[in-house]
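These notes are about the structure you will find just below.
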Amino acid sequence: MLEQNYGFVNVAGEISNLRSYPSGHWYFTLKDERAEVSCVMFRGQNQRIARRPENGDSIRLEGRLSLYEARGTYQIIVSSMHAMGEGALMLAYERLKRRLHQEGLFDEGRKVPIPTAPGRVALVTSLRGAALQDMLTLLRRRSPQTEVIVVGSAVQGDAAPGELVEALERIQRTDLEFDCIVIGRGGGSIEDLWAFNDERLARTIADCTIPTVSAVGHETDFTIADFVADARAPTPSAAIEMITADSVLYPQLLNYIGARLPQLMQQHLVRARRSLERQRLRPPTRLLQHHAQRLDDVERRMHAAIGKQLHRQRSRLQWMHGRMRHPGMALRLVRQRLDILRHRLRNNSLAGHLQRRRRELEEAPARMAAGAGRRLRTFRAGLDAASARLEAVSPQAVLKRGYALVWRDGELIRMQADVKPDDILQIQWADGERPVRAEDS
């Protein structure tokens, strides 16, 4: 009767007696000041919950009424669960707020003024949120001369605090100069805004060297980020109104920019010189050194192996030439063997065998000459191929393809950073060399 007549129900209350079994199912009691009811949420449903609830959390759940016959008790089979912003979350929020306040992170004395005519602003928010479009539209209308850098980050979920911290740290590490940072998002439930109650994010905002405005949620929403930031705006749009001046102030703004421009250019030149000096003095990494040394070793071994192979082939070719130039010696050896065989055949009266051996010996010089010719052609072809490979990797062949070598005092220059102004260099091409003087570009 319960399942047929009531079906799905929507109930709000506080969790108590929460138990999680090895099967992954959750069993708990939902109660208020007047009553309580048993609930079960099976693993297939609770795996979709972003944060595991705790005893004392105020939640709103949906499910269906059912009867557990083994105990004779009715219960709710929970299909979805949403926190109501009270209970454990609010308790954690108040504890962190009280601790940071005692440490002095909320003190007005440590906060800096927010500029009303910033030249460059960083917006830290979700790239897909409506709050970003509202802020960009308002910035274009109120202060079109302001340069806007958007740093995307998740603004809700477990990964959001870490991404927000990384975005703030990345802004402070860059060489760009920012006059202000606006960090925030649109409205939502306490769970949606919970990333801005993270302790690490709060300390990062408090330590930020750039004036920071917290613009999280609606006017009635307060997060820890609002208290530690240099200023709090009730909405993202209000933050833009806070940091930008109306168009009537543009002449004053232009005068300000004109006065700041020489100073900013000088600072930029100083940073550029320092960066260039660091790049010039920076040694090559150990990995590059290791690979360069391996390359040199492989090249050395390759040239040595090719040289040895050519030497062996030349020696064998000379030996073959020697045999071809002196066939008489081979014929004398054959005749001596023929005489021995004739003597043996004469003594044994093997006339038939002698005749066969005589024919073989008579044909032997021709066979030897033909075999030696084939081997000689084979070795010549191998020698030509080895010579072509050696020529392909020779420095002279590389120079003929349009490359050049740069020397200084007999030392090969491999890096541009090794050349100093007024150095006398020697440029080597395939057809000759020429001295040159290095100039400062």
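Values as computed for the structure displayed
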item	result
Share of carbon and sulfur in the accessible heavy-atom surface of the range 156-202 [1.4 Å probe, %]	44
Length-normalised contact order for the range 371-429 - Cα pairs under 8 Å, 6+ apart - percent	29
Computed lengthening from residue 6 to residue 377, 0.36 nm per intervening residue step minus Cα-Cα distance	123.5 nm
Simple spin-label estimate for residue 189 and residue 274 in nanometres, 7 Å along Cα-Cβ	4.8
Accessible area (Å², per residue) of the range 120-194, counting only protein heavy atoms and a probe of 1.4 Å	45
Cβ-derived FRET efficiency at R0 35 Å, residue 51 paired with residue 112, nearest 0.05	0.50
Pair residue 414, residue 142: separation of 7 Å Cα→Cβ label points (nm)	5.8
Whole-number percent relative contact order across the range 19-78, with pairs defined as alpha carbons under 8 Å at least 6 apart	30
Summed side-chain charge close to residue 439 - residues other than residue 439 whose Cβ falls under 12 Å, Lys, Arg +1, Asp, Glu -1	-1
Contour minus Cα-Cα distance for residue 332 and residue 127 (0.36 nm per residue)	64.1 nm
At R0 = 51 Å, FRET efficiency that the Cβ-Cβ distance of residue 309 and residue 149 yields, to 0.05	0.25
Paramagnetic reach from residue 73 in the range 31-49 [backbone N under 16 Å; point 7 Å along Cα→Cβ]	31-32, 35-42
Cα centroid separation, the range 111-167 to the range 31-102 (Å)	35
Extension reserve of the residue 396-residue 437 stretch, reckoned as 0.36 nm per residue once the Cα distance is removed	12.3 nm
Proximal lysines relative to residue 111, as straight alpha-carbon distance under 25 Å, when same-chain residues fewer than 8 apart are discounted	97
Where the Cα pairs of the range 1-154 fall when distances are cut into 5 Å bins, in %	2, 7, 12, 13, 11, 10, 9, 9, 8, 7, 6, 4, 2, 1, 0
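The values are calculated or read from the model by the stated rules, or taken from the named source; none is laboratory data. Quantities reported herein were computed from a predicted structural model and do not represent experimental measurements. In this analysis, Cβ positions are derived from the backbone assuming ideal geometry, glycine residues included, and neighbour counts consider all displayed protein chains. In case anyone asks, the SASA skips ligands and DNA or RNA and just uses the protein heavy atoms, side chains included. Shrake-Rupley method; radii C 1.70, N 1.55, O 1.52, S 1.80 Å.
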